[in-house]
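These notes concern the structure reproduced below.
Each value in this text was obtained by applying a stated rule to the coordinates, not by laboratory testing. Note that this is a predicted model, so its numbers are computed, not measured. Here the Cβ is made from the backbone with ideal geometry for all residues, glycine too, and neighbour counts use every protein chain on show.
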Amino acid sequence: GQQVMQIPQYQHVQEGEDFTTYCNSSTTLSNIQWYKQRPGGHPVFLIQLVKSGEVKKQKRLTFQFGEAKKNSSLHITATQTTDVGTYFCAGSGGTSYGKLTFGQGTILTVHP
Amino acid sequence: EAGVVQSPRYKIIEKKQPVAFWCNPISGHNTLYWYLQNLGQGPELLIRYENEEAVDDSQLPKDRFSAERLKGVDSTLKIQPAELGDSAVYLCASSLRTGKGNQETQYFGPGTRLLVL
């Protein structure tokens, strides 16, 4: 079945440093979504990427979808303490329409 | 607009006891999902409903887990009997399927934290 892997598992940064998490799928994806989960909270949708090579920005967050639609990345510029949480990618593809396969997430901690 | 509502928020039971979780999706959302999230892991789909029909329950351990979505709105997820390994967060999510080809945004509820002793 479809597998989605994320690295790194943990990332500790000083406030102001940049952060990147990478997501790789074992199969070609139709689209990929990114979610953020604060400690003790639930996943909250951030963005969806659909097109090959697509790049989208949300303020300090930049999301990319690979040309082959098998990988994606999330980059945060100049992290802030409010960025703390776990970032998940989730892919959907092929005959598994409607089913999102989540990566294991990257836990981001930001030291002030 | 109210979000996805789940209850209870926390549940502690002894092993072999039954437990049930309830979910009320966002009004108008036709698709409902139940996920299991273990500590340090991403959510794993248990079952997906489109209206009242379970369209994907391949990951649901049917020997002890059951779910229903009568009338295509609220849903319940039941475990009977519960085992120690069932301790996890059970998340409900909903979305509005438009049939336009893209994956719909899923809106998650706060989850039910289950501890089986």
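Tabulated data
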| read-out | value |
| --- | --- |
| Residues that are over 18 Å from B:Glu83 (Cα atoms) and more than 14 Å from chain A (Cβ to nearest Cβ), drawn from region B:26-64 | B:Ser27, B:Gly28, B:Glu52 |
| Hits in region A:17-48 - residues which are under 11 Å from the mean Cα position of the chain (by Cα), crowded, with 19+ Cβ neighbours inside 10 Å and more than 10 Å from chain B (Cβ to nearest Cβ) | A:Thr21, A:Cys23, A:Trp34, A:Lys36 |
| Test: residue in region B:37-45 that is touching a residue at least 60 places away in the same chain (Cβ under 8 Å), within 26 Å of B:Lys16 (Cβ to Cβ) and among the polar types (S, T, N, Q) | yes |
| Hits in region A:1-39 - residues which are part of a loop (DSSP other than H, G, I, E, B) and under 17 Å from A:Thr81 (Cα atoms) | A:Glu15, A:Gly16, A:Glu17, A:Asp18, A:Arg38, A:Pro39 |
| Index of the failed condition, A:Gly1 passing every other in (1) closer than 30 Å to B:Val55 by Cα; (2) surrounded by 13 or more Cβ atoms within 10 Å (Cβ to Cβ) | (2) |
